[in-house]
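Engineer: Following this message is one structure expressed as structure tokens.
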Amino acid sequence: MLDVDGLWKVFGPRAAAQVGTELSSAELKRRTGCVAAVRDVSFTVAPGEVFVVMGLSGSGKSTLVRCLTRLIEPTAGTVRLDGEDLGTASPARLRELRRHRMAMVFQQFGLLPHRSVLDNVAFGLEIRGTARAERHDHARQVIELVGLSGFEESLPEQLSGGMQQRVGLARALAVDPEVMLFDEPFSALDPLIRREMQNEVIRLHRVVGKTMVFITHDLNEALRLGDRILLMRDGAAVQLGTPDEVVGAPADDHVRDFVADVPREQVLTLRWIMRPAGPSDALDGPSLPPETVIRDAVHTVLSADRPVRVESDGSLLGVVTAAEVLETIA
């Protein structure tokens, strides 16, 4: 659905001349006055995937997501949406793509304060030229989908932060985009509301199956939401992988420090701890698939009196015993 290749964004004088630089951020700023916010980043996002871009403040993740829709013009590289090069799109075509195929949810809710929830949700359809009755009917359906039925006539100021962000979600969903982009949408919310909204994104993804690109600085949020995670530092991609790959095989010391406090049993699967079956192993015990998270396998493994078989499509991949599980959770 999305194909990003060699993306650069450099701010400052003669920015294009700095593409390809290997200078550190500090040295580049000192010598040229430029800042390389995104450095040679490449990735693809599959249809229906939740792709998370994670990094600390200043890592370039928010600049990256804005480059995907050309809210910020990339300095170099290509972004393709379903094969179409967005860099060559005319302003009119770009507006068309933003109205029909892509939608963005920001940290600041950006709701129109003088308009009701219903009119806020229907705003994208209004811009598209949809008739009032039709857009309101569709907006009501989406409002119900995000759990805001009964608040259609409320103004944003009458809603809590979490409810306002639900309106933002509904507004993005109302235009039925192929790709939804989230720029740290929950970072301003209280922890309990934030978790509630994470659950809401998971639920909505199961219901509507949209392709999602989610920006966050929160590792736990990335691990909960992401099918795959791209970690960034100083504008560059440091590691790209599934949550268990990031936790189980960190690419460098930076990532290793990042994931050091993550409870491994809540992320890693049996594939990471299984061992080859030995000649003395009894293989008539219970079986589990390799994708089983260790936490979910603890009861089965610890209560079995023989090794648990790890199987995929009837093939034995390995075995797991209490020793492997306890070593992981100790």
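The values are calculated or read from the model by the stated rules, or taken from the named source; none is laboratory data. Computed from a predicted model, the values in this text were never measured in an experiment. Virtual Cβ from ideal backbone geometry, glycine too; neighbours counted across all protein chains shown. What goes into the accessible areas is simple: the full protein's heavy atoms, side chains included, and nothing from ligands, DNA or RNA. Shrake-Rupley method; radii C 1.70, N 1.55, O 1.52, S 1.80 Å.
Engineer: Can you tell me which residues in the range 281-330 are hydrophobic (A, V, I, L, M, F, W, C) and out of contact with any helix residue (DSSP H, G or I) (no Cβ under 9 Å at 6 or more places or on another chain)?
Structural biologist: Answer for the range 281-330, where residues must be hydrophobic (A, V, I, L, M, F, W, C) and out of contact with any helix residue (DSSP H, G or I) (no Cβ under 9 Å at 6 or more places or on another chain): Ala282, Leu283, Leu316, Val319, Ala323, Ala330.
Engineer: Given the options Thr44, Thr21, name the one that is part of a loop (DSSP other than H, G, I, E, B), hydroxyl-bearing (Ser, Thr, Tyr) and open to solvent by 10 Å² or more (accessible area, probe 1.4 Å).
Structural biologist: Thr21
Engineer: Residues of the range 263-298 being over 34 Å from the mean Cα position of the chain (by Cα) and small (Gly, Ala, Ser), which ones?
Structural biologist: Across the range 263-298, the qualifying residues are Ala277, Gly278, Ser280, Ala282, Gly285.
Engineer: Now for a separate question. Suppose we filter the range 192-211 for residues that are out of contact with any helix residue (DSSP H, G or I) (no Cβ under 9 Å at 6 or more places or on another chain), touching a residue at least 12 places away in the same chain (Cβ under 8 Å) and surrounded by fewer than 19 Cβ atoms within 10 Å (Cβ to Cβ); how many remain?
Structural biologist: Residues flagged as out of contact with any helix residue (DSSP H, G or I) (no Cβ under 9 Å at 6 or more places or on another chain), touching a residue at least 12 places away in the same chain (Cβ under 8 Å) and surrounded by fewer than 19 Cβ atoms within 10 Å (Cβ to Cβ) within the range 192-211 amount to 1.
Engineer: Next question, about the same structure. Among the residues of the range 54-66, which ones are assigned to a loop (DSSP other than H, G, I, E, B) and either within 13 Å of the chain's Cα centre (by Cα) or within 18 Å of Pro243 (Cα to Cα) (or both)?
Structural biologist: Gly55, Leu56
Engineer: All but one of (1) in a helix (DSSP H, G or I); (2) out of contact with any Lys or Arg (no Cβ under 8 Å at 6 or more places or on another chain) hold for Leu125; state the number of the condition that does not hold.
Structural biologist: (2)
Engineer: Could I ask something else about it? So which of Phe151, Phe214, Phe186 ends up being among the aromatic types (Phe, Trp, Tyr), open to solvent by less than 10 Å² (accessible area, probe 1.4 Å), outside any helix (DSSP H, G or I) and out of contact with any Lys or Arg (no Cβ under 6 Å at 6 or more places or on another chain)?
Structural biologist: Of Phe151, Phe214, Phe186, the one residue that is among the aromatic types (Phe, Trp, Tyr), open to solvent by less than 10 Å² (accessible area, probe 1.4 Å), outside any helix (DSSP H, G or I) and out of contact with any Lys or Arg (no Cβ under 6 Å at 6 or more places or on another chain) is Phe214.
Engineer: Return the pair list, or none, for Cβ contacts closer than 7 Å from residues in the range 19-43 that are closer than 10 Å to Gly235 by Cα to residues that are among the basic types (Lys, Arg), at least 6 apart or on different chains.
Structural biologist: Listed pairs, sorted by first residue: Val35/Lys29; Ala37/Lys9; Val38/Lys9.
Engineer: For the range 67-81, which residues satisfy the criterion of being farther than 13 Å from Ala36 by Cβ, part of a loop (DSSP other than H, G, I, E, B) and of a type outside the set (Val, Ile, Thr)?
Structural biologist: Across the range 67-81, the qualifying residues are Arg70, Leu71, Glu73.
Engineer: Checking Ala172 against (1) under 16 Å from Arg203 (Cα atoms); (2) in contact (Cβ under 8 Å) with a residue 40 or more places away in the chain; (3) open to solvent by 10 Å² or more (accessible area, probe 1.4 Å); (4) in a helix (DSSP H, G or I), which single condition isn't satisfied?
Structural biologist: With (1) under 16 Å from Arg203 (Cα atoms); (2) in contact (Cβ under 8 Å) with a residue 40 or more places away in the chain; (3) open to solvent by 10 Å² or more (accessible area, probe 1.4 Å); (4) in a helix (DSSP H, G or I) applied to Ala172, the lone miss is (3).
Engineer: Quick one: in the range 74-96, which of the residues that are on the phi < 0 side of the Ramachandran plot and touching a residue at least 24 places away in the same chain (Cβ under 8 Å) is surrounded by the most Cβ atoms within 10 Å (Cβ to Cβ)?
Structural biologist: Looking at the filtered set, the residue picked out is Pro74.
Engineer: Looking only at the range 178-208, how many residues end up being of a type outside the set (D, E, K, R) and either at pLDDT 90 or above or under 18 Å from Pro243 (Cα atoms) (or both)?
Structural biologist: The total comes to 9.
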